[in-house]
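Notes to accompany the following structure.
The values are calculated or read from the model by the stated rules, or taken from the named source; none is laboratory data. These numbers were taken from a predicted model, which means no experiment stands behind them. With ideal geometry, Cβ positions are generated from the backbone for all residues, glycine too; neighbour counts draw on all protein chains shown.
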Amino acid sequence: MPLLAHLRHVLGQRIGSEESPASSDRRREGNSVVLQITGMTCGSCASHIEKVLLKAPGVHEAKVSYAEGTARVSGDGALDPAALSAAVRAAGYEVAVEKSADAGRPPEKRREETPGGTQNREQRGAPLHVAVIGSGGAAMAAALRAVERDARVTLIERGTIGGTCVNVGCVPSKIMIRAAHIAHLRRHSPFDEGIAAAEPAILRERLLAQQQARVEEMRHAKYENILESTPAIAVLRGEARFKDGRSLIVRLNEGGESEISFDRCLIATGASPAVPPIPGLKETPYWTSTEALASDTIPARLAVIGSSVVAVELAQAFARLGGKVTILARSTLFFREDPAIGEAVTAAFRAEGVEVLEHTQASNVAFADGEFVLTTGQGELRADKLLIATGRAPNTRGLALEAAGVAVDPQGAIIVDTHMRTGVPHIYAAGDCTNQPQFVYVAAAAGSRAAINMTGGDATLDLTAVPAVVFTDPQVATVGYSEAEAHYEGIETDSRTLTLDNVPRALANFDTRGFIKLVAEAGSGRLIGVQAVAPDAGELIQAAVIAIHARMSVHDLANQLFPYLTMVEGLKLAAQTFSKDVTQLSCCAG
């Protein structure tokens, strides 16, 4: 037999009697193991683990991905998952073995979490690790929902547990505003002819003690106690910054640093009072809302720079507690809202003695001999205290977001989509540090949905009908489009404004300050926006939210049953004005 033919004969026998390359590949794939590894902090860790695995019995190939947190190992029949795990643990890392059903798939096709939760991680024996930066409304909602979905959470807080709302925002401000309202009613009410009014004695230090006791009570009940009783949430006290896209460096409050690796991360660091660049301001002992709410005295003269929520709420509260208050508004009060809102609130404030200086800015601020001196275009303004309430800026500067590739807008707010994802797929953000509306209920909803998405679910946050309430007296409440906003979006509108002297509840209260305005889409009559200035406007606005979500028309709203002598009945009456003259209707006319 010629030599070439002989070789072909021998090779043919071997191919026939042994495995083909294709069958060998299949056998190797069948003897594959995927390990889930935690504790890697960089690509060098992955290289080190690869070398360790290649020394294990039966291993032909090992590919370790730092980004994926996985090791994909293939080999012959001697491949032993237990031995591989032991080798990795000996190298100083935590490891769990995945089921091999996904082992032959490329990383981008491998299942990680299912919509129902973290099933595959449970099978691997390693819960998903979620790092949460912050401890406010968004952070707590996310941490608790993540734990419900079987994740392990490390919550990192640099300051007081609970964030802004419970500590220095919503809760203490509403307590102070309520106390100021009681003081005002004792001093003046529509029933003074029948109920003798009296000047109240304001003991601010006692009011502050009562306020702070309730703050502490709520912080313990709703934050600290819950964290202490939830073992799956570990609390780390310190300031976090990103080392890279998979790990954080935490500068511990007690000293030193700690490095935290994560599978998913939620940034929920909130916002802080923004301070305008007014010459001289930074050299003075000005207040932000934090210092104002913690003050145990009521200044005789208070100047407030700002024209929106915090500025007007605290200005009225301090005035009702005995201070002489002057507001400096760069434009008008609530200049971003329907003009009628600012006009109504300004009129109410001036009636109470609060001075509102419109189109007024301070060009310089000085402080000498215990007195602030503000230079304005209308002359000098002097005050004992100065409150800066010109908005809030996202707390993102110290996070080293660039190290993780997380993008922010020009104001420093983290850019997120409707799933609360940043541009980095496994890093999420929620609350006031993002480009979403700065309301605690938006933050909590966003945090909860972010946790669902981080653990394999699919949840979005619908922001088409977000209610907003300002706790002045009368209150301001809005939802949906104003006329100007609708026109900007190219929506033709039909609107009606009902003054409160047409609302029986307001007449019975002898307080008809304000109005209710409905904005409807022209043609269809679909309700798309509501603006209200009224006592208890915050209590009526949710009915409008539901109507907008239900895509109700003003005709639908007008035909609903509303309880008589309630302020919310004003919505029905306002809706009726699209087709009727409500001044010609009998009481509670349907």
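Looking at region 238-254, which of its residues are out of contact with any Cys (no Cβ under 8 Å at 6 or more places or on another chain), within 22 Å of Leu401 (Cβ to Cβ) and either of a type in the set (A, V, I, L, M) or not in a strand (DSSP E or B) (or both)?
If the condition is that a residue be out of contact with any Cys (no Cβ under 8 Å at 6 or more places or on another chain), within 22 Å of Leu401 (Cβ to Cβ) and either of a type in the set (A, V, I, L, M) or not in a strand (DSSP E or B) (or both), then Ala240, Gly245, Arg246, Ile249, Val250, Leu252, Asn253 are the ones that fit.
Name the one entry in Gly529, Gly570, Gly538 that is in a strand (DSSP E or B), under 30 Å from Phe349 (Cβ atoms) and not aromatic (Phe, Trp, Tyr). Before you say what the answer is, go through the steps one by one.
Numbers: Gly570 fails: in a strand (DSSP E or B); Gly538 fails: in a strand (DSSP E or B).
After applying the criteria, what remains is Gly529.
Just to be sure I understand the filter: pairs with C-beta atoms under 8 Å, separated by 6 or more residues or on different chains, first member in region 561-590 and at pLDDT below 90, second member assigned to a loop (DSSP other than H, G, I, E, B) and of a type in the set (A, V, I, L, M, F, W, C). Which pairs pass?
Final answer for the pair search is Gly590/Leu561.
Every residue, every condition in (1) touching a helix residue (DSSP H, G or I) at 6+ places or on another chain (Cβ under 6 Å); (2) outside the structural domain of Ser189 (by TED's automatic domain parsing); (3) closer than 26 Å to Val442 by Cβ; (4) part of a helix (DSSP H, G or I), yes or no:
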{"residue": "Ala486", "(1), (2), (3), (4)": "no, yes, yes, yes"}
{"residue": "Asp494", "(1), (2), (3), (4)": "no, yes, no, no"}
{"residue": "Asp501", "(1), (2), (3), (4)": "no, yes, no, yes"}
{"residue": "Ala506", "(1), (2), (3), (4)": "yes, yes, no, yes"}
{"residue": "Thr512", "(1), (2), (3), (4)": "yes, yes, no, no"}
{"residue": "Gln542", "(1), (2), (3), (4)": "no, yes, yes, yes"}
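Could you figure out which of (1) more than 22 Å from Lys174 (Cα to Cα); (2) surrounded by fewer than 13 Cβ atoms within 10 Å (Cβ to Cβ); (3) not assigned by TED's automatic domain parsing to the domain that holds Ala430 isn't true of Ala366?
(2)
In this structure, does Ile156 turn out to be surrounded by 22 or more Cβ atoms within 10 Å (Cβ to Cβ) and either over 25 Å from the mean Cα position of the chain (by Cα) or not in a helix (DSSP H, G or I) (or both)? Even if it seems obvious, please write down each step before you answer.
Working: surrounded by 22 or more Cβ atoms within 10 Å (Cβ to Cβ): yes; either over 25 Å from the mean Cα position of the chain (by Cα) or not in a helix (DSSP H, G or I) (or both): yes.
The answer is yes for Ile156.
Against the condition outside any loop (DSSP other than H, G, I, E, B), surrounded by fewer than 21 Cβ atoms within 10 Å (Cβ to Cβ) and either in contact with a Ser or Thr (Cβ under 9 Å, 6 or more places away or on another chain) or not assigned by TED's automatic domain parsing to the domain that holds Tyr286 (or both), how does Val469 come out, does it pass?
Numbers: outside any loop (DSSP other than H, G, I, E, B): yes; surrounded by fewer than 21 Cβ atoms within 10 Å (Cβ to Cβ): yes; either in contact with a Ser or Thr (Cβ under 9 Å, 6 or more places away or on another chain) or not assigned by TED's automatic domain parsing to the domain that holds Tyr286 (or both): yes.
So Val469 passes the test.
Scan region 208-237 residue by residue and report those that are touching a residue at least 60 places away in the same chain (Cβ under 8 Å), surrounded by fewer than 18 Cβ atoms within 10 Å (Cβ to Cβ) and either small (Gly, Ala, Ser) or assigned to a strand (DSSP E or B) (or both).
Answer for region 208-237, where residues must be touching a residue at least 60 places away in the same chain (Cβ under 8 Å), surrounded by fewer than 18 Cβ atoms within 10 Å (Cβ to Cβ) and either small (Gly, Ala, Ser) or assigned to a strand (DSSP E or B) (or both): Ala232, Ala234, Val235, Arg237.
Could you say which residue among Gly525, Gly570 is at positive phi and in contact with a helix residue (DSSP H, G or I) (Cβ under 7 Å, 6 or more places away or on another chain)?
Values: Gly570 fails: at positive phi.
The conditions single out Gly525.
For region 407-428, indicate whether the set of residues that are in a helix (DSSP H, G or I), surrounded by 20 or more Cβ atoms within 10 Å (Cβ to Cβ) and either without any contact (Cβ under 8 Å) to a residue 40 or more places away in the chain or touching an Asp or Glu at 6+ places or on another chain (Cβ under 9 Å) (or both) is non-empty.
Start the filter on region 407-428 by keeping residues that are in a helix (DSSP H, G or I), which leaves none.
Looking for residues that are in a helix (DSSP H, G or I), surrounded by 20 or more Cβ atoms within 10 Å (Cβ to Cβ) and either without any contact (Cβ under 8 Å) to a residue 40 or more places away in the chain or touching an Asp or Glu at 6+ places or on another chain (Cβ under 9 Å) (or both), one finds none in region 407-428, hence no.
Just checking, does region 392-406 include any residue being over 23 Å from Ala532 (Cβ atoms), of a type in the set (Val, Ile, Thr), out of contact with any Gly (no Cβ under 9 Å at 6 or more places or on another chain) and not assigned by TED's automatic domain parsing to the domain that holds Gln361?
No, region 392-406 has no match at all.
Quick one: count up the residues across region 162-207 that are of a type in the set (Val, Ile, Thr), surrounded by fewer than 16 Cβ atoms within 10 Å (Cβ to Cβ) and in a helix (DSSP H, G or I).
Residues that pass the stated criteria total 1.
Can you tell me which residue among Gly194, Gly245 is outside the structural domain of Val312 (by TED's automatic domain parsing), of a type outside the set (A, V, I, L, M) and in contact (Cβ under 8 Å) with a residue 12 or more places away in the chain?
Details: Gly194 fails: in contact (Cβ under 8 Å) with a residue 12 or more places away in the chain.
Testing whether each residue is outside the structural domain of Val312 (by TED's automatic domain parsing), of a type outside the set (A, V, I, L, M) and in contact (Cβ under 8 Å) with a residue 12 or more places away in the chain leaves just Gly245.
Residues of region 544-567 being on the phi < 0 side of the Ramachandran plot and either part of a loop (DSSP other than H, G, I, E, B) or among the hydroxyl-bearing types (Ser, Thr, Tyr) (or both), which ones? Full working, then the answer.
Here is the first cut: in region 544-567, the ones on the phi < 0 side of the Ramachandran plot are 544-550, 552-564, 566-567.
Within region 544-567, Ala550, Met552, Ser553, Asn559, Gln560, Leu561, Phe562, Pro563, Tyr564, Thr566, Met567 meet the criteria.
Those residues that are closer than 17 Å to Val310 by Cβ and among the charged types (D, E, K, R), I need them from region 322-359; list them, please. If you could, list the steps in order and put the result at the bottom.
Step one: of region 322-359, the residues closer than 17 Å to Val310 by Cβ are 323, 325-337, 341-342, 345-346, 349, 354, 356.
Answer for region 322-359, where residues must be closer than 17 Å to Val310 by Cβ and among the charged types (D, E, K, R): Arg330, Arg336, Glu337.
If we scan region 468-483, do we find a residue that is at pLDDT below 95 and under 23 Å from the mean Cα position of the chain (by Cα)?
Looking for residues that are at pLDDT below 95 and under 23 Å from the mean Cα position of the chain (by Cα), one finds none in region 468-483, hence no.
If you scan region 522-545, which residues turn out to be more than 30 Å from the chain's Cα centre (by Cα) and either surrounded by fewer than 17 Cβ atoms within 10 Å (Cβ to Cβ) or charged (D, E, K, R) (or both)? Step through it out loud before you land on a result.
Within region 522-545, the subset more than 30 Å from the chain's Cα centre (by Cα) is 522-525.
Scanning region 522-545 gives Ala522, Gly523, Ser524.
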